[in-house]
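Colleague: One structure, pasted below without further comment.
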Amino acid sequence: MMVPLSYYLMLSGFLFACGVIGFLIKRNIITIFMSIELMLNGVNLSFVAFAAQWHALSGQVFVFFVMVVAAAEAAVGLAIIIAVYRTRETLNVDRVNLLKL
Amino acid sequence: MFHLILFLFFGAICVAGAVNLLVQSHPINSALSLIAVMASLAVEYLLLGAEFLNAVQVIVYAGAIMVLFVITIMLLNAGKEASSGGSRVAIVLGIPGALVGTLLIGWTLLFHSNTRAVPIGALKGDPRAIAQLLFHDFLLPFEITSVLILIAIMGAVVLTSRPAAVARGPRRDG
Amino acid sequence: MSITTFVIISLIKSLAVIFVMMTAAAYSVWLERKVSAHIQNRWGPTKVGPFGLLQPLADGVKFIFKEDLVEANVYKPLYIAAPIIAMMFALTSIAVIPFGNWVEVGPWGTYLQVTDLNIGLLVILGSTSMGVYGVALAGWSSNSKYSLLGGLRASAQMISYEVSLGLALVGVLIMAGSLSVRDIVNAQRHLHWNIFFQPVGFVVYLISAYAETNRAPFDLPEAESELVAGYHTEYSSMKFAMFFVAEYCNMVTVACLATLMFFGGWLGPVGGPPIVQALLPVIWFCLKVFFFMFLYVWVRWTLPRFRYDQLMAFGWKILLPLALANIVVTALIVAWRG
């Protein structure tokens, strides 16, 4: 028995939705960043699923590019988080509300 | 049958990990559940035939990006996060809204999308074929992303290096 | 082959490989103690069995009967999970390592390898990169400053040297044109061993491998003189033993990989009756791996430890550019020769 494509898409949608919810309800800046990674992962799954559906390998290459961009984003994002923590000594986004220290 | 069992098993891990990421209040637990999601997504890629992506997902996502997250959490010694006092309107409107949206999308996907079933290993994403695409058809985007990575490395170094005044230590004249 | 036969053969092969791996790890400890003793003009273990050969067994029994201390302030779930993670990923990578050529037992024939994947090498790299979590989580969950420092050092060191480790192998991959470990070995027939064509890649690989497995001269994560024992300071009994075995399993894996990538794996002179023909490749492979294990011990008891900033500077400023230059030169030569 084969798995319908819609199952993969539902899983992908669920992961993306969890990412959105996490982005909205979480207050720790690192967890918020992780929710973004979760969203990217959800989208990647639908890329791969559609690549299998349409027999187009370029879908998988897109996922590769998404991963590379996510790596760059993680490097810069975590560096920013460390810089923010150094100056404000908190990771709570609600308390990072001053433009000037 | 075998395919469906594998899909459901690793899909369940994905779902459980994603929910756990939301529920946990300590960032390191969230990070670990995200790693579980990524590892089981790698297996889902394998079911779809994306062998190379399976390896890259484990090496780059689960093995490199998430290690950066874990190291940052360790380095900053991040504790439990303070619960945000969510407004009641958000709960009253948000939960039913999310439920309706989920049902709508699920119903559409299941009964009205005309998608076919995907056999196991539907599209052979072996390294050779991916490399052909990557270094031939997508050469320009590939080079541009490599420049992007270089810029990101330099940005990370600049951002994390301490300002010059701090690095020099306390000033004696002030 | 029906699915039942496939599952049974795979199970037998996996169990056999895990057994071999654990034994190899245990006897590397014996080798280390013996060689280090002779380097320092001592005898090493001699009491248990001839030449102290049963010492690993005695050590194992001792570990089992020691008290399993769990400190009051550790973060318990991760504290328990960390050694399991380290051990699991140390054992995973052995699945794609071929020990020898095709053998036939009665009607069944099999390669001496659990499975041959066309992404085999990436599986090994992936499992080493996942192994970092065991170390990092052990350091964090122990709730001790020595453990935390050791864990941070170890994970930073491992992800830094993983880059040059991977890049050092790219030259070999360009020459073989495949990621399957079996294909890479088969491309080295007739003494076309990669060590003759990729000397720079080999040196970079060997040095990064020492750092990747946290061995001297790069054993800063557990530098006794400053960090007590690094990330496993708070571990005792079998939990400590699991870290210990995982470290030695990683050494064996890295030695196997060096043999397969640069020294022709199981290839060597073969002749005689069929049974000898089947066994000789395994013996060649074991001899080559043994050489690398011996080298590990030799280096550890010869070279002093690096300083941490020297270690990082060495990895990023010397090894990484060397590996990149090696790739460029190899690619140019391969392209030029068509």
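Colleague: Check region B:95-102 and report whether any residue there is closer than 27 Å to B:ILE130 by Cα, more than 13 Å from chain C (Cβ to nearest Cβ), over 18 Å from the mean Cα position of the chain (by Cα) and in a helix (DSSP H, G or I).
Modeller: So far as region B:95-102 goes, no, none of its residues is closer than 27 Å to B:ILE130 by Cα, more than 13 Å from chain C (Cβ to nearest Cβ), over 18 Å from the mean Cα position of the chain (by Cα) and in a helix (DSSP H, G or I).
Colleague: Still on this model: Identify the single condition in (1) at pLDDT 85 or above; (2) not in a helix (DSSP H, G or I) that B:GLY86 does not satisfy, given that it satisfies every other one.
Modeller: Status for B:GLY86: all satisfied but (1).
Colleague: Residues to consider are B:VAL60, B:VAL43, B:VAL70; find the one that is within 27 Å of C:ASN143 (Cα to Cα), at pLDDT 80 or above and either exposed (fewer than 13 other Cβ atoms within 10 Å of the Cβ) or aliphatic (A, V, I, L, M) (or both).
Modeller: Going through B:VAL60, B:VAL43, B:VAL70 in turn, just one is within 27 Å of C:ASN143 (Cα to Cα), at pLDDT 80 or above and either exposed (fewer than 13 other Cβ atoms within 10 Å of the Cβ) or aliphatic (A, V, I, L, M) (or both): B:VAL70.
Colleague: Which residues, taken from region C:1-54, are among the aliphatic types (A, V, I, L, M), part of a loop (DSSP other than H, G, I, E, B) and exposed (fewer than 13 other Cβ atoms within 10 Å of the Cβ)?
Modeller: C:MET1
Colleague: Please tell me if C:VAL270 is among the hydrophobic types (A, V, I, L, M, F, W, C) and touching a residue at least 60 places away in the same chain (Cβ under 8 Å).
Modeller: no
Colleague: Can we say B:ILE105 is more than 21 Å from the chain's Cα centre (by Cα), in a helix (DSSP H, G or I) and within 7 Å of another protein chain (Cβ to nearest Cβ)?
Modeller: Answer is yes for this residue.
Colleague: May I ask you to list pairs of residues, at least six apart or on different chains, whose Cβ atoms are under 6 Å apart, with the first in region C:192-203 being closer than 20 Å to C:LEU324 by Cβ and the second being of a type in the set (Gly, Ala, Ser)?
Modeller: Listed pairs, sorted by first residue: C:GLN198/C:GLY171; C:GLY201/C:ALA168; C:GLY201/C:GLY171.
Colleague: Taking C:ALA86 and the conditions (1) at positive phi; (2) touching a helix residue (DSSP H, G or I) at 6+ places or on another chain (Cβ under 6 Å), which numbered condition does it fall short on, given that it satisfies the others?
Modeller: Of the numbered conditions (1) at positive phi; (2) touching a helix residue (DSSP H, G or I) at 6+ places or on another chain (Cβ under 6 Å), the odd one out for C:ALA86 is (1).
Colleague: Something else now. Can you report the number of residues in region A:66-101 which are touching a Phe, Trp or Tyr at 6+ places or on another chain (Cβ under 8 Å) and either of a type in the set (A, V, I, L, M) or within 19 Å of B:ALA50 (Cα to Cα) (or both)?
Modeller: 7
Colleague: Follow-up question, since we're still on this one. Which residue out of C:ALA81, C:ALA138 is surrounded by fewer than 22 Cβ atoms within 10 Å (Cβ to Cβ), part of a helix (DSSP H, G or I) and either modelled with pLDDT of 85 or more or in contact with a strand residue (DSSP E or B) (Cβ under 9 Å, 6 or more places away or on another chain) (or both)?
Modeller: Every option except C:ALA81 fails the conditions.
Colleague: Next up: May I ask you to say which residue of C:GLU67, C:GLU104 is surrounded by fewer than 21 Cβ atoms within 10 Å (Cβ to Cβ), within 15 Å of C:PHE240 (Cβ to Cβ) and acidic (Asp, Glu)?
Modeller: C:GLU67
Colleague: Counting residues that are of a type in the set (D, E, K, R), which helices (runs of 4 or more DSSP H) fully inside region C:221-338 reach at least 2?
Modeller: Correct list: C:224-227, C:237-262, C:274-300.
Colleague: If you don't mind, there's one more thing I want to ask. Within region C:168-205, can you find the residues that are part of a helix (DSSP H, G or I) and over 20 Å from C:LEU117 (Cα atoms)?
Modeller: Of everything in region C:168-205, those that are part of a helix (DSSP H, G or I) and over 20 Å from C:LEU117 (Cα atoms) turn out to be C:ALA168, C:ASN194, C:ILE195, C:PHE196, C:PHE197, C:PRO199, C:VAL200, C:GLY201, C:PHE202, C:VAL203, C:VAL204, C:TYR205.
Colleague: OK, next. Hey, any hits in region C:263-270 for a residue that's at negative phi and modelled with pLDDT of 85 or more?
Modeller: yes
Colleague: Considering each of B:ALA64, B:ALA42, B:ALA18 in turn, give the residue that is in a helix (DSSP H, G or I), within 12 Å of chain C (Cβ to nearest Cβ), in contact (Cβ under 8 Å) with a residue 12 or more places away in the chain and under 23 Å from A:VAL66 (Cβ atoms).
Modeller: B:ALA42
Colleague: Same structure, new question: Can you name the residue in region A:24-67 that is within 18 Å of B:LEU34 (Cα to Cα) and not in a helix (DSSP H, G or I) and is also modelled with the highest pLDDT among such residues?
Modeller: Within region A:24-67, the match that is modelled with the highest pLDDT is A:ASN28.
Colleague: In region A:46-56, which residue that is within 7 Å of another protein chain (Cβ to nearest Cβ) and surrounded by fewer than 23 Cβ atoms within 10 Å (Cβ to Cβ) is farthest from the chain's Cα centre (by Cα)?
Modeller: A:HIS55
Colleague: C:LEU152: touching a residue at least 12 places away in the same chain (Cβ under 8 Å), crowded, with 24+ Cβ neighbours inside 10 Å and in a helix (DSSP H, G or I), yes or no?
Modeller: no
Colleague: When you scan region A:1-24, how many residues do you find that are farther than 17 Å from B:GLY17 by Cβ, without any contact (Cβ under 8 Å) to a residue 12 or more places away in the chain, at the interface with another protein chain (Cβ under 7 Å from one of its Cβ atoms) and not aromatic (Phe, Trp, Tyr)?
Modeller: 5
Colleague: Moving on. Across region A:57-92, what is the total count of residues that are under 30 Å from B:ASP126 (Cβ atoms), facing another protein chain (nearest Cβ under 7 Å) and touching a residue at least 24 places away in the same chain (Cβ under 8 Å)?
Modeller: 2
The values are calculated or read from the model by the stated rules, or taken from the named source; none is laboratory data. The structure presented is a predicted model; accordingly, all values stated were derived computationally and were not measured. All Cβ positions, even for glycine, are placed from backbone atoms using ideal geometry, and neighbour counts span all protein chains on display.
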